[in-house]
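Comments concern the structure below.
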Amino acid sequence: MKKYNLLLIISLIVNIPTFSQKAWQGILSVEDVCTAYPEQMEKMFNNLNLDYPGLEKVKKAYKKGDLGKACSELLSYYKNGDTVSYLRREQPSKGNGTVASADTILKDVITIQGVKGKLPYLANGHRNWYYKGPNNDEEWAWLSNRHSQISLVFGAYLETGNPKYAEYLDLFLRDFIIASWPYPAQKGRGSVWRGLEVAARIKNWSRIFYGMLNSGYLSPATQLLILSSLPDHADYNRNFHGQNNWLTMEISALATAATNFPEYKKSPEWLDYSINTMAESLKKQVYPDGVQTELTSHYHRVALSCFELFEEICTRAGKALPEFYVSMLPKMNNYIAYTMRPDGCGLMNNDGDLDYTRDAITNSAKKYEQNDWLYIATNGEEGIAPENGASFVSPWAGHLISRSGYGADAQWSFFDIGPWGSGHQHNDKLHLSVFAYGNDLLVDGGRFAYSGAVADKFRGYARGSQAHNVVLVDGKGQAPGPKLSEKPISEKQYKITPEYDYATASSDKFIDLEGECKHTRTFYYGRGKMWVVIDKIETDSPRKIETLWHWHPDCNVKVEGQTVFTDNPKGNLRIIPVGKQNWEINFIKGQDEPEVQGWYSEKYNTYHPNVASIYSTNIDGNSRFVWVLFPSEKVSGNVKAEIVSEGENEIKIRVNDNKSGEHMLTVPL
């Protein structure tokens, strides 16, 4: 007896489970969870509106002080009810089929943004929810705590009926919720309690909770733990949410909690707050022409998906949204449709990846009955051609998309003359990307990574001018510009006609540059023919000028005299400097020292060496440089270009090639 008492005292001091106290893995029943975590169950009931229709038996048991009976009645209410029918799933027949990707997750091996890692276990049996992955990347820890991996396992269970997937979900959720205590009730950036992760879990847990209510595999203890934790998640998104696209994700999750679990006391207030906050946020973070103010196509899509999700939530709840909110969603889709490349990928700029957008716009075209979007998305095979021709400009974003048409082999370019953006910005004003004949040619460097080993090496390069097709002055890149547009760009800055597109803008702030210097770039696209770029440098002293042209990694890039060109099987481009300026040309590919140059990242945590062809020259004072960018399907022959006349208002250029003959271009200044 003395030994037993001593063991009991020691176990209480160091929190070692005794034979009378179950380890968390064995907590499965209502009795188990009420015995082990009575405070959490009491907290859950304090968050419930026990006067909500259908909870009469729950209230009666709870008022009698029978915690276990109240919990059982609560689970019966959810299991036998018909609320949130859109998430309730017919259970699959028991089977032994497998899904390879889900089997990998069952080994606690997950892939986050291309990086595979195995969640380690702690001495207490819990997974280490703060593990940052093999690259020690905080982003890896954050994204793993969004629980998208268990959505994949849930899908495998529904597909196969294999109990191992359901049993994994049960233990996984119980593990996380218990390990996540205590709820901090304050804004933070930790691996577990950060707004984006909280928001994602609300959405993922809702699908699993309702989808497995009648499976027999999601234990009563896990169900109750979910119901006890969701109010904390909602409280976080309600009181500690961010702004811009963070807000859209977090507030749409708050509305998800409010409408999927209307039994919580605060659900009506959460939903009202969500509607007011999302409506005001849309006004502030989306320009009148439908472009999200971060001016990053990738995050524009993130914001749009959350705004549309919120509309669906409110529709199900019978809540009307303001007319301006509903009318803005087609405009946001319109931007994605009209900036789409011929290969179905979206515009890659700022902190964005090369996202495939064709399927999303095809679906949106049908939803909003927009035949022009369908025409763009299908390369003209379906729908109706846009009435305004091939090119597109967003006056508020300052994004000009130039095209020869909408076929798969069309010429396409992006020219940036807008503000810096309200978030995820790169110092890349006046950047030009080019795609033609099904091939990526001139590219934006990409975003690489935000933290960890990849970011340590590439983050400064990604955000700087050095990764973009712009001009460096004395080796210096652009400084950040204005974050927001107070008004659309002037119509004097751009023009779209059936024959050509034109745009111009300037950048006059360079990081740590001594003295004053202004770079003005004029862009001209002769439709279906070629691009002309004119760089004007105004300076108070002699300068070294470097003009950067970054090529896609798959391009075979060569130089012949002063001309740089590609030798690809299909889809080619020549860069021809026009005039008497003598350029020194260097190819840099995959360089780490003395500075990073010649790298490309089409999606987060990936990188490949690519050729940066750098034209360098020294100038004594104000100068003007003219470039002809000549596209062709096959490798073009001998292409020559010369300035015929040059004035203050225009430049006339003659271009000769051995296939299409002579072209005369008049470029306005």
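Observations
- Residue-normalised accessible area of segment 322-395, expressed per residue, 1.4 Å probe, Å²: 40 Å²
- On a per residue basis, segment 261-304 carries 33 Å² of accessible surface, using protein heavy atoms and a 1.4 Å probe.
- Shape of segment 157-280, Cα gyration tensor, a/c cut at 1.5: prolate
- C-alpha long axis of helix 244-260 to longest principal axis of the chain, angle in °: 30 degrees
- Figure note: THR357, THR539 ranked by solvent-accessible area, largest first, 1.4 Å probe, ligands and nucleic acids not counted: THR539, THR357.
- Mean Cβ count within 10 Å, highest first, over the residues of peptides 130-142, 38-50, 54-66, 521-533: 521-533, 130-142, 38-50, 54-66
- Two-site label geometry, ALA279 and ASP508: point separation in nm, points 7 Å out along Cα→Cβ: 4.3 nm
- Between the Cα long axis of helix 163-180 and the first principal axis of the chain there is an angle of about 90°, rounded to the nearest 10.
- Packing-based order for 492-505, 312-325, 230-243, using average beta carbon neighbours within 10 Å, highest first: 230-243, 492-505, 312-325
- Members of LYS284/LYS367; LYS495/LYS529; LYS203/LYS284; LYS57/LYS265; LYS518/LYS580; LYS60/LYS164 lying beyond 27 Å, as alpha-carbon distances in this model show: LYS60/LYS164
- With the convex hull of its Cα atoms as the shape, the chain has an orientation-averaged projected area of 34.6 nm².
- Per-residue [θ]222 nm for the chain (sum of -39500 (n - 2.57) over DSSP H runs n ≥ 4, rounded to 500): -11500 deg cm²/dmol
- P(r) tail fraction, segment 560-642 - alpha-carbon pairs more than 16 Å apart, %: 63 percent
- Tilt relative to the chain, helix 2-14 - C-alpha long axis, 0 to 90 degrees, to 10: 30 degrees
- The chain, accessible surface, carbon-and-sulfur percent (1.4 angstrom probe): 50 percent
- Take segment 538-629 with all the other protein chains still there, run a 1.4 Å probe, and you get 43 Å² of accessible area per residue.
- The residue list ASN350, CYS314, SER364 was ranked by how far each Cα lies along the charge dipole of the chain toward its positive end, using unit charges on Cβ atoms, and CYS314 comes out on top.
- With R₀ fixed at 56 Å, the C-beta to C-beta distance from LEU28 to ALA453 puts the FRET efficiency at about 0.85.
- Spatial separation of Cα centroids for segment 49-77 and segment 443-490, in angstrom: 57 Å
- Treating r as the C-beta distance of GLU650 and GLN186 and R0 as 56 Å, the FRET efficiency rounds to 0.35.
The values are calculated or read from the model by the stated rules, or taken from the named source; none is laboratory data. Only a predicted model underlies this, so the values are computations on that prediction, with no experimental measurement involved. Here the Cβ is made from the backbone with ideal geometry for all residues, glycine too, and neighbour counts use every protein chain on show. SASA here: full protein model, heavy atoms, side chains in, ligands and nucleic acids out. Shrake-Rupley method; radii C 1.70, N 1.55, O 1.52, S 1.80 Å.
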